[in-house]
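The values are calculated or read from the model by the stated rules, or taken from the named source; none is laboratory data. Model, not experiment: these values are computed from the prediction. Neighbour counts run over all protein chains shown; Cβ positions are idealised from the backbone, glycine included.
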Amino acid sequence: MYQLTGDQTLLPPRGATESRPLGWLQTTLRRRGMLALSVAGGVLLLVAAVTFAIPPSYTTQVKLIAQAPPMGSSTNLSPAGSLPLLAELLQETPTAQRVIDELGLNMRPTDFLSHVNVQPLGETGILIASVSWRNATESAAIANTLASDFVAYRRDMSSQQAQTVMDYLNAQLPQAQANVTDTTRALARYEATHKTARIAQPTHTQQSTVNAIETRIAALEVDQSEAAAQLRNVRAQTTTLSRSMWVDQQTAPNPVLSELQTQLSQVDAQLQAARSHASDNDPTVVALVQQQSELEQAISLESAPVVSARSTIPNPIYAQLQQQASTLAARLASDRSQDALLRQELTALQPAPSQISNAASELLTLQGRAKLAGYVYDELERKSAEATVAHSAALSDVAIVQPATAYDARVTPNIGLNLLIGAIAALLLGIGVALAAEIIDTRIHAETEVEHRLALPVLASFPLAGREQLAALPWLQSITIESYFQFVTALRYASSTRLRTIAITSASAGEGKSTVALNTAIALAEVEPRILLIDGDLRRPTLHTKLGIRPTQGLSDVLVGTAAYEDVIHKTKHPGLDLIGAGTRTPNSYRLLQSDQFDELIARAAESYTTIIIDSPAIEPVIDAAILAAHTDGTVLVIASGQTDTNVARRAITKLHAAGVHNILGAVLNKTAPQRNVELNRYYLDGDERPALA
């Protein structure tokens, strides 16, 4: 007799590690791996298709640095502080138009600027200008041209400022020279006619102080004139610019046009109705025709779309000019304040009028005018020379520190990176779909699911195998046989008392309960002969077909009383195994199974057979299974892996409990995925004979 140890596992139970999260994940991926791979593959193909469908864009960068304002500049911004303004100016239409004209690009400045992005690099004083284009070489060329033209543009602005100063100073020089001549002549004439005028000579220190103050006053006068001229020029430029610029303009249907069209439709209808009963000369018709003409003319003057919403941004050029104007105004005010103070100091150093004669006072005044005129002329000449140098060597307030190169172009989309990210995302999505399907799916797949969801012990697991597969695959036959012997052994220890009658049922039809009942009976007959198998499914009997026995009188006939007990017992081809078929079909199987005759049949069979196996109907459709289970020592529930729904199985167990059945021994998991056991197959090949299962 086959004896199996209690801890021997012949078929590794599916989901044995599901009690742990990692184990549950492994089981899920093993069971739904194809679904996960299909989803991941589909997503990856989609990402690849989109990546290859998008035309590549190459982005190159050129770096510029903001420098100190050049000579002649009126701005007081630091290099880092001017970055936002420079970034705005670099993305303005004039700069874009210069690049378009230089490179011969066939596009509008706004379209060109959509490919340009300029960002300051923190507080470093560096601007990064990025250009995205369809070709790396063209992108680098456009970026470098943009930067070079902007440097030239800023240099031209500096040169224009120097030119403005130079023109003003050159215009002032003749007048200053004439003023020197006039004051010198006036002083000479006065000295010739007033030879008696005497002035106390100042000390050397006093004279040096006076000379320094007069020189400074002259410089301040020139600087005030220069600042005033520049301020007038800047303010004149600001009057031609607007403070803000319109962006993001949105349009909407013209409500006036809609109203006019509605009125025209009404007039057309009235005119048509009037003409139906009056001539064209009728006053009403004439008035309506005139009104129609006026409405049509008004409609022709209206535009269909109107601006419904738009936003503004500050004009960067206007902001720069305003900054220059503020700087020049502050410079002019400072010069005037210093000039007033210096003149007060100069007055304090000169002798008081009461201490000198009128002639000496006049002489002192003329000397001061002549000296000041000379200082002013000298300062104008010096400033003019500086402006000439600044104009000749005009410098930009930005410089290129790193030109763009095609070698460093960044490609968008990045095919390798996109595919890598797509593969990771696809894999995660595939796993997520598999996990979601596992959570949503209420079917039972593994032994642990039976134990956790139904609170039933699993007595054995039977692989999914047909008769042809068993005949063709010896290893599959070996696993199946050992599984049934494991089940038989488990039945011995499933109850504290000896089990003489066992009902085998399932929650729904088609889960393999009849095959399990038959193979269990065959395995029991191998261990202990005198096994009786009863087909208790009076509605849909199948055992006689599986055993190759012609359907004759059976259980129903004995219960009805049309056949004797001895006449319905059939010998099978399996030694030690007899069968009582379902017998003649009857419309009221419930009443027959509840009768005393059924109890008498079971009692009489128990006298002759060691174990009685009853193949019961499915529990869900009819109550017959609960009646049969109530007449037996134990009940086994067959669960089909991947087929039995958890909710249906729970309802079946509840139905059994409601019928007073509390002898459920456990469950068997049927139709599991077979896994080859090489050692077990070799054991049978070494000489053991395989019993013939159904």
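Please go through the range 72-123 and give me each residue that is at pLDDT 75 or above and part of a loop (DSSP other than H, G, I, E, B), ordered by number.
Correct list: GLN91, GLU92, GLY104, LEU105, ASN106, MET107, ARG108, SER114, HIS115, LEU121.
Kindly indicate the residue of the range 499-518 that is surrounded by fewer than 24 Cβ atoms within 10 Å (Cβ to Cβ) and in contact with a strand residue (DSSP E or B) (Cβ under 9 Å, 6 or more places away or on another chain) and also farthest from PRO587 (Cα to Cα) among those meeting that condition. If you could, list the steps in order and put the result at the bottom.
Pass one, the range 499-518, residues surrounded by fewer than 24 Cβ atoms within 10 Å (Cβ to Cβ): 499-501, 508-512, 515.
Now restrict to residues that are in contact with a strand residue (DSSP E or B) (Cβ under 9 Å, 6 or more places away or on another chain): 499-501, 508, 510-512, 515.
Working: LEU499: 31, ARG500: 29, THR501: 26, SER508: 21, GLY510: 22, GLU511: 24, GLY512: 24, THR515: 25 Å.
Among them, the one singled out is LEU499.
Going through the range 571-619 one residue at a time, which ones are surrounded by fewer than 17 Cβ atoms within 10 Å (Cβ to Cβ) and part of a strand (DSSP E or B)?
LYS571
Given the conditions (1) surrounded by 16 or more Cβ atoms within 10 Å (Cβ to Cβ); (2) part of a loop (DSSP other than H, G, I, E, B); (3) touching a residue at least 40 places away in the same chain (Cβ under 8 Å), which single one is not true for ILE549?
(3)
So in the range 377-402, with the set limited to residues that are surrounded by fewer than 16 Cβ atoms within 10 Å (Cβ to Cβ) and outside any helix (DSSP H, G or I), which one is modelled with the lowest pLDDT?
Of everything passing the filter in the range 377-402, ALA393 is modelled with the lowest pLDDT.
Residues that are acidic (Asp, Glu): list the helices (runs of 4 or more DSSP H) wholly contained in the range 403-483 that include at least 2 such residues.
Those helices (runs of 4 or more DSSP H) span 447-454.
Determine the pairs where a residue that is without any contact (Cβ under 8 Å) to a residue 40 or more places away in the chain, located within the range 617-638, has a partner that is among the polar types (S, T, N, Q) with Cβ atoms under 8 Å apart, the partner being 6 or more residues away or on another chain.
Filtered contacts from the range 617-638: ILE627/GLN594.
Considering only residues that are loosely packed, with under 14 Cβ neighbours inside 10 Å and under 27 Å from SER334 (Cβ atoms), look in the range 207-227 and name the one that is modelled with the highest pLDDT.
This residue is ALA212.
Can you tell me which condition THR497 does not meet? The list is (1) at pLDDT below 85; (2) over 25 Å from HIS662 (Cα atoms), and all the others hold.
All conditions are met except number (2).
Evaluate the following for ARG108: is it surrounded by fewer than 14 Cβ atoms within 10 Å (Cβ to Cβ) and either touching a Ser or Thr at 6+ places or on another chain (Cβ under 8 Å) or within 22 Å of ALA409 (Cβ to Cβ) (or both)?
no
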